[in-house]
Amino acid sequence: MKILIDINHPAHVHYFRNFSKLMEEKGHEVIFVARKKEIAHCLLNLYNIPYISRGRGRHGRIGKVLYSIYANAKLFLIARKHKPDLFLNFLHPYPSQVARLLGKVSLVFSDTEHADLHHKLTLPFVTKIYTPSCYRLSLGKKQVRFNGFMELAYLHPNYYSPNPDVLNQLGVHEKEKYVIVRFVSWTATHDFGHTGMSLENKRKAVKSMSRYAKVFISAEGELPPDLEHYRIKLPFNRMHDAVYYSSLLFGESATMASEAAILGTPSIFIDNDGRGYTDEEEMRYGIVFNFTESESDQQEAIAKAVNILSDDSSRLRFKNVRDVLILDSIDTTRFMVDEVLKYDT
């Protein structure tokens, strides 16, 4: 069986890298195609995964439309050459549209409810779309729900063990509290209309948390000079270790908030739309705390961060929550393998 996996975002490398390894061990062939976005190509190189580049995307509505035409054409030519039996990806339209043109199976995973445009451009062409059981939307007869989270495809204990050497790289002691702060650029298609935290409140959050813990900022793009010196200086492949040993994840990234939860680190997530999975991680496990981008919620998010950091008993409590979450959930990678093998005829 020949499987084409299209990578549209660096996180997608993590979603499918263990799946690829397991499928190749079973004698199947996996072809990766990857957009050049942030560290996507670097991650593929890190894990020794060969790939075909489909170029860098574009910003703005017109730019994204032009790139979609290019990406479809590029992917079509790649598929004609390599002749995959099945297309697999996380929600974006190009692979499903090309698969339909070629009469092939298209399997798509999604956990992002407000990606309206991608849903509209993808759903008509997919064979199946897989979502976590906590997904807010009903997508019709093509939808298959699974009891888990996308982050368990790579942070499940079957695949991930934390490395404490990261503490030396960060320059922190074993029992020293530190916080990972994540600010995003808000340039994705589903980010139109979002502004995130105000600069004033970003400064206030960093100052407030600094009283209780060392602060490291992970940010897309530039930071003002007074925040730049907080920027985390760590190889990109060590970030999960940094989150595991941190006392708190604070910021605007849903993926990182959920990664923290899977790793047993409490997280504060600020976003107007939220996600079904971060709702689940808050309501069922109490390890994610969701806030909107309103001024009052930004203030409450900062206060909650201080509350967590000032509680010396929180670390052990949240690591115990992680154990419960893992027991409640499936191994997402194994689920992917089982689903894809249903089409191995």
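The values are calculated or read from the model by the stated rules, or taken from the named source; none is laboratory data. All values derive from a computational prediction rather than experimental measurement. Cβ: placed from backbone, ideal geometry, glycine included. Neighbour counts: every protein chain shown. Note: accessible area is taken over every heavy atom of the protein model, side chains too, but ligands, DNA and RNA are not part of it. Shrake-Rupley method; radii C 1.70, N 1.55, O 1.52, S 1.80 Å.
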* Show which aspartates and glutamates lie in cross-link reach of Lys36 when reach means a straight Cα distance below 20 angstrom and same-chain residues fewer than eight apart are skipped. => Asp6, Asp191, Glu220, Glu222
* To do: Between Met283 and Asn237, with labels modelled 7 Å along Cα→Cβ, what's the label distance in nm to one decimal, could you check?
  => 3.9
* Structure fact -> With 0.36 nm assigned to each residue of separation and the Cα-Cα distance removed, Glu220 to Leu327 gains 35.2 nm
* Structure fact -> On the formula 1/(1 + (r/R0)^6), with r taken between the Cβ atoms of Val337 and Ser161 and R0 of 35 Å, the FRET efficiency rounded to 0.05 is 0.95
* Quick one, can you get me the convex hull of the C-alpha atoms of region 24-102 expressed as volume per residue in Å³? => 102
* Asked: Which one of Ser198, His82, Leu43 is farthest out on the positive end of the charge dipole of the chain, using unit charges on Cβ (Lys, Arg +1; Asp, Glu -1) and the Cα centre as origin?
  -> His82
* Asked: Going by accessible area, probe 1.4 Å, with all protein chains left in place, what is the ranking of Arg80, Arg17, Arg275, largest first?
  -> Arg80, Arg17, Arg275
* Asked: Separation between the Asp116 and Asn48 pseudo-spin-labels, each 7 Å from Cα along Cα→Cβ, expressed in nm?
  -> 4.6
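Let me know the shape class of region 1-160, please: from the alpha-carbon gyration tensor, a ≥ b ≥ c as square roots of the eigenvalues, rounded when a/c is under 1.5, otherwise prolate if a/b is greater than b/c, or oblate.
Rounded, because the longest to shortest axis ratio a/c is under 1.5.
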* Asked: Where the accessible area of the chain is counted over protein heavy atoms with a 1.4 Å probe, how much of it, in %, is carbon and sulfur?
  -> 52
* Asked: Can you give the convex hull volume of the alpha carbon atoms of the chain per residue, in Å³?
  -> 132
* Structure fact -> With every protein chain kept in place and a 1.4 Å probe, the chain has an accessible area per residue in Å² of 44
* To do: List the relative contact order of the chain as a percent without decimals, with contacts defined as Cα pairs under 8 Å and 6+ residues apart.
  => 15
* Structure fact -> Expressed in nanometres to one decimal, the distance between label points 7 Å along Cα→Cβ at Asp344 and Leu102 is 2.0
* Could you give the length gained on full extension between Arg203 and Glu25, defined as 0.36 nm per residue of separation minus the Cα-Cα distance, in nm? -> 59.2 nm
* For Leu46, tell me the accessible area in Å² from a 1.4 Å probe, rounded to the nearest 10. => 70
* Going down the list Lys2/Lys64; Lys21/Lys319; Lys214/Lys304; Lys175/Lys204; Lys204/Lys304, which pairs span over 21 Å between their C-alpha atoms? -> Lys2/Lys64; Lys21/Lys319; Lys175/Lys204
* Structure fact -> Of the listed pairs Lys37/Lys342; Lys83/Lys342; Lys120/Lys202, those with alpha carbons more than 28 Å apart are Lys37/Lys342; Lys120/Lys202
* Mind ordering 145-154, 245-254 by average Cβ neighbours within 10 Å, highest first? -> 245-254, 145-154
* Asked: Roughly speaking, what % of Cα-Cα pairs in region 250-332 are separated by over 14 Å, rounded to a whole number?
  -> 61
* Structure fact -> Of Glu220, Glu113, Glu25, Glu300, ordered by accessible area with the largest first and a 1.4 Å probe, the sequence is Glu25, Glu300, Glu220, Glu113
* Structure fact -> Taking Cα pairs closer than 8 Å and at least 6 residues apart, the relative contact order of region 192-345 in percent is 21
* Structure fact -> Most fluctuating of Val65, Val181, Val105 in the GNM of the chain (C-alpha, under 10 Å) is Val65
* Asked: Counting only the heavy atoms of the protein chains, how much of Ile232 is accessible to a 1.4 Å probe, in Å² to the nearest 10?
  -> 20
* Asked: In whole Å, what is the distance between the alpha-carbon centres of region 111-154 and region 291-342?
  -> 20
* Structure fact -> Heavy-atom accessible area of Tyr212, protein chains in place, probe 1.4 angstrom, given in Å² to nearest 10, is 100
